[in-house]
Structures are given as C-alpha cells and as structure tokens.
Amino acid sequence: MVKNLTIVLVVYSIVLLFVGRQLSFLPQIKFGSREAAEDIRKNVLEKFLKGEKGSYSIYYKDLATGQEFGINENKVLTAGSLNKLLIISYLYNLARDNKINLEDKITIQKKDIQDYGTGSLRYDGEGKPYTLKTLTQLGLEQSDNTAAYVLSLRLGEDKIQEYGRKLGLASTNMANNKTTARDMGKILDLIYSGKITSDPLTQELLDFMKDTDFEDRLVRDLPSNVSAYHKAADATNMVHDVGIIDPSGRSNSSPFILAVLTSDIKDEEEAKKTIGKIAKFIYDRGN
C-alpha cells in the first residue's frame, strides 16, 4: 500500500512539473489555478484508492478559497457516531440563543445507559448528574454513546432532524443513522465559521474535538504542531473520520475540511492507515 501511494505521489509531482513547463500542450489547464490543482489532486486520490480495499467517500474544502472536491461525496452511508455532530450543534445553537443552559444537569438513569461502543458513562453507573456541557465533552472526546443518547432525548430527535434540514444537510437522517461526506463537511464548515453558535461556544466545541480518544485516523501522520478538530466514528465494516485541519501558520496553507467515510471495510486498522495517508497527502501538497 505504501509503495502504491509513493508511486502515485511521484506521478502527481511529475504532472505538476509538466503543467508548469509544458503549459502550451495543456490549454485547458490554467497554470496556478486552484481548479487545476484540485482536479489533479482528486485524480491522484482516485487512482490511489483503486488499489485500496473497501470503498471511500471523500469531501475536501479549502476554508480560505472555498475550493472543494469530492469523491463519492454524496454516497449515503451509515453515520455511526457522526450523528453526534448534529445533536451537539443543535444544543449549542439553542445555548447561543439562551433557549437552554449548558449548566443544566441530567441524572443518568439505568434505562439511559447504552451498554455498547465507547465512552465512560456506561461504566460509571446510574444516579450521577452531569451538566449538558460535560455530556457534550464526553460525546465529542470519547464519543460516549450514553451522553449522546440522553442529549438526544432532552432535545428531541424530531427537532434535531428539523435543525439539520435547516442547515442544508439533505442526506442526514437521525432516525436511520445515515449521512454523507458532503453533509459532514457542511456541518464542520458551519461550526468552524461560527454560524452554529457564539464565538466562545464555538471555541469550546473545537476544544472538545481536539486531542480526542481517536487520534488514529486523520491525525495519525500529521505533524504534531498541526491542529485538528475532528469526529471519528465506526460502524459495521465502516471506519470514518471527519474534521478541520489547521496547518497552524504554515506558509501558503490555510485550514481545510476533510471528511472521509468508508464502507465494505474488512480490515479496520488498514482503513485507518489509509485515512491517515489521505490526510497527509492533502496536507503535504499544500492546500
């Protein structure tokens, strides 16, 4: 796999060099245009993914220029824990408008405990109160299923779904737990741009999405000084990670969104490595 990606990257570099030196032979490509760069980057990834097992859906957006591309970005897939992003976005939107207090508490009952997957609440037992803010933090950092469940009950699944519709998440369905890479990219864009909640609460959400318990996908191959705000998820034969990657002052670079969803995965560890390679490839090429 590593050898294949190396070959693809070499081809990519040669193509860029060719475009720069032999522009007259490629009149349809404008040297230095963002559109040309994204097309080349997309083509390289498509060729690389042909050699990978499983199916990959990718959505990318440069948050400075607005340039974007996708590969199977509208394919509807099981969201897994990615639906937590919509639950928490609705909660923090209500908090911005003073319609809910994040210091309000929910006491976990036995019936609330989701005894599967990740998170610490299921081991802490019933009878303990947690603020909505703490439940949010657990939902993002640990992907705690009990935290997300009680927040969803508090807010109402129908209202969460309606909020998603207003945001333009056309393919995200809470009841069926479905979404797309494009929808996840859109909600990340809205969070990062401060359109979901206030500036202080936006920063709080981003802090909860940094240094999570799942740094083994998008972030795994990136330099340690790169900030990444992301949400990982797993489902049967699926491994996902969606996030905002900030090069932290790197010259000629800007924050970008990268959402990678998968399906038909047989080896989860290999899929996680592939997601890391995709993120590193885009980072190295300079967005």
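Once the other residues with Cβ under 15 Å from the Cβ of Glu46 are scored (Lys, Arg +1; Asp, Glu -1), what is the net sum? It would help to have the intermediate numbers written out before the result.
Values: positive: Arg41, Lys42, Lys47, Lys50, Lys75, Lys277, Arg285; negative: Glu38, Asp39, Glu52, Glu73.
Every neighbour counted, the sum reads +3.
Could you grab the Rg to Rh ratio for the stretch 109-236? Cα atoms only, Kirkwood for Rh. Walk me through the numbers on the way to the answer.
Working: Rg = 15.2 Å, Rh = 15.9 Å.
Using Cα coordinates only, the ratio equals 0.95.
Work out the FRET efficiency for Val226 and Asn177 from their Cβ-Cβ distance, taking R0 = 30 Å, and round it to the nearest 0.05. Before the final figure, lay out each step's value.
Values: r = 30 Å, r/R0 = 1.01.
After rounding to 0.05, the efficiency reads 0.50.
Give the value in nm², to one decimal: projected area of the alpha carbon convex hull of the stretch 36-87, averaged over all directions. Please report the intermediate quantities before stating the final value.
Working: hull surface 19.3 nm².
Averaging across all directions leaves 4.8 nm² for the Cα convex hull.
Angle check, please: helix 181-192 long axis (alpha carbons) against the longest principal axis of the chain (alpha carbons), in degrees 0 to 90, nearest 10.
The angle comes out near 70 degrees.
What is the ratio of the Cα radius of gyration of the stretch 186-241 to 2.2 N^0.38 Å, where N is its residue count, to two decimals? The partial results should precede the final answer.
Values: Rg = 12.6 Å, N = 56, 2.2 N^0.38 = 10.2 Å.
In units of the globular-protein estimate, the stretch 186-241 measures up at 1.24.
In nanometres, what is the gap between the two model label sites at Leu153 and Lys105, each 7 Å from Cα along Cα-to-Cβ?
The two pseudo-label positions are separated by 1.7 nm.
DSSP loop (so not H, G, I, E, B), at most 13 other Cβ within 10 Å: list which chymotrypsin sites (Phe, Trp or Tyr not before Pro) in the stretch 97-177 pass both filters. Walk me through the numbers before you get to the answer.
Numbers: sites: Tyr116, Tyr123, Tyr130, Tyr149, Tyr163; in loops: Tyr116.
Qualifying residues, ordered by number: Tyr116.
Could you tell me which GluC sites (Glu not before Pro) in the stretch 33-111 are loop residues by DSSP with no more than 10 other beta carbons within 10 angstrom of their beta carbon? Walk me through the numbers before you get to the answer.
Numbers: sites: Glu35, Glu38, Glu46, Glu52, Glu68, Glu73, Glu103; in loops: Glu52, Glu73, Glu103.
Passing both the DSSP loop test and the Cβ count: Glu103.
Would you please give the FRET efficiency between Glu268 and Lys42, computed as 1/(1 + (r/R0)^6) with r the Cβ-Cβ distance and R0 = 22 Å, to the nearest 0.05?
Values: r = 25 Å, r/R0 = 1.15.
The value I calculate is 0.30.
Using the Kirkwood formula on the Cα atoms of the chain, what hydrodynamic radius do you get, in angstrom to one decimal?
On the way: mean 1/r = 0.0506 Å⁻¹.
After inverting the pairwise mean of 1/r, the radius is 19.8 Å.
Readers should treat all values here as calculations from the given coordinates under stated rules, not as data from a laboratory. Keep in mind the model is a prediction, meaning the values are calculated, not measured. All Cβ positions, even for glycine, are placed from backbone atoms using ideal geometry, and neighbour counts span all protein chains on display.
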